[in-house]
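In what follows, a single structure is set out as structure tokens and then discussed.
The values are calculated or read from the model by the stated rules, or taken from the named source; none is laboratory data. For clarity, every value in this text was computed on a predicted model and none was experimentally measured. Methodologically, a virtual Cβ is constructed for each residue, glycine included, from the backbone with ideal geometry; neighbour enumeration extends over all protein chains shown.
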Amino acid sequence: MSTVYTLEDIVEKTGACKEEITSWEEAKLLTPLGRSEKDLPFFGADHIQRIEQIKKFLELGYTPEDIQKIIKKIGLPSREDSKKGPKKEELLTVGVLAEKIDISPRTIKHWEEKGIIEPDMRSQGGFRLYNRHYIYLASLIKDLQHFGYTLDEIKIISDYFRYFFKIKESEEEIAPDLIEEKIIGMNSEIDQLYRKIALLKEGIGRWEDLVKKNKKEITGMLTRSRKRLEKKEKQNDAKE
């Protein structure tokens, strides 16, 4: 998991003040990884090195405009590992992720505590960021809960599928017997899920038939009931 830094973290680590960092961002010398739902910037490890470089250029007498020209021409040094990890537009805070799938942030945190999901980046102060693929994954978790799965059962399925993606990335580096064990377990969970889905489809079909067959009669009952109520109210008004 990559580490993400808040503006306060960056200030503490580099000695630059908030106003300086904000001005460098406005001058396009510094581009945050992204922003939170409260429009607060967050940064990666490579930004620390970049800020140190900007400070050195300023100390040498270069203006922000000069530094911008240098960046456009040759760029500034950056760590190789900064190229790894999610792109800035793919990162979501807990609040944004929760809003996207219509659940509470606390639910996201609970899933994380259960080991079902894991943030892609985390700050020293506990600020967490998720890749956009978690919108789909979290929706699938909600589906499994609707299918009657407990969080412990969902954790098992989540573990299998995470390992499946790990196998896809580096199949030759994993022992064949371990791959077989994981794939067999995953297939078993998939078969159980198919059976539950089949039962749900049967149940949904029965309810759809019931509603279709009786909807007209139900609507008629409601209409007659309202007419009776109106008649009763008129009779009471007449007595008064």
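Screening Gly126 against (1) within 19 Å of the chain's Cα centre (by Cα); (2) small (Gly, Ala, Ser); (3) modelled with pLDDT of 85 or more leaves a single unmet condition, (3).
Between Ile174, Ile184, the distinction of being exposed (fewer than 13 other Cβ atoms within 10 Å of the Cβ), more than 20 Å from the chain's Cα centre (by Cα) and of a type in the set (A, V, I, L, M, F, W, C) belongs to Ile184 only. Residues in the stretch 204-227 include none that are hydrophobic (A, V, I, L, M, F, W, C), closer than 27 Å to Glu118 by Cβ and surrounded by 10 or more Cβ atoms within 10 Å (Cβ to Cβ). Within the set of pairs 6 or more residues apart or between chains, which connect a residue that is on the phi > 0 side of the Ramachandran plot and in contact (Cβ under 8 Å) with a residue 12 or more places away in the chain inside the stretch 128-151 to a residue that is surrounded by fewer than 16 Cβ atoms within 10 Å (Cβ to Cβ) and assigned to a helix (DSSP H, G or I) with Cβ atoms less than 9 Å apart? As it stands, the answer is Gly148/Lys196; Gly148/Leu200, since those pairs meet every condition given. Residues of the stretch 24-47 that are closer than 20 Å to Ile70 by Cα and surrounded by fewer than 14 Cβ atoms within 10 Å (Cβ to Cβ): Glu26, Lys28, Thr31.
Quick one: which of Ser188, Ser104, Ser158 is within 30 Å of Asp9 (Cα to Cα) and polar (S, T, N, Q)? Before the answer, list the steps.
Values: Ser188 fails: within 30 Å of Asp9 (Cα to Cα); Ser158 fails: within 30 Å of Asp9 (Cα to Cα).
Answer to the check: Ser104.
Taking the stretch 160-194 as the range and being in contact (Cβ under 8 Å) with a residue 12 or more places away in the chain and not aromatic (Phe, Trp, Tyr) as the test, the residues that pass are Ile167, Ile179, Lys182, Ile183, Gly185, Met186, Glu189, Leu193.
Across the stretch 1-51, the qualifying residues are those that are in contact with a strand residue (DSSP E or B) (Cβ under 9 Å, 6 or more places away or on another chain), of a type in the set (A, V, I, L, M) and closer than 30 Å to Glu112 by Cα, and the one among them that is modelled with the lowest pLDDT is Met1.
Are any residues in the stretch 136-155 of a type in the set (Val, Ile, Thr) and either in a helix (DSSP H, G or I) or within 10 Å of Ile101 (Cα to Cα) (or both), and if so, which ones? Passing the criteria: Ile141, Ile154. Checked against the criterion of being surrounded by 14 or more Cβ atoms within 10 Å (Cβ to Cβ), among the β-branched types (Val, Ile, Thr) and modelled with pLDDT of 90 or more, the candidates Ile135, Ile167, Ile116 yield just one match: Ile116. Total residues in the stretch 16-70 satisfying the condition of being in a helix (DSSP H, G or I), touching a residue at least 12 places away in the same chain (Cβ under 8 Å) and aliphatic (A, V, I, L, M): the figure is 7.
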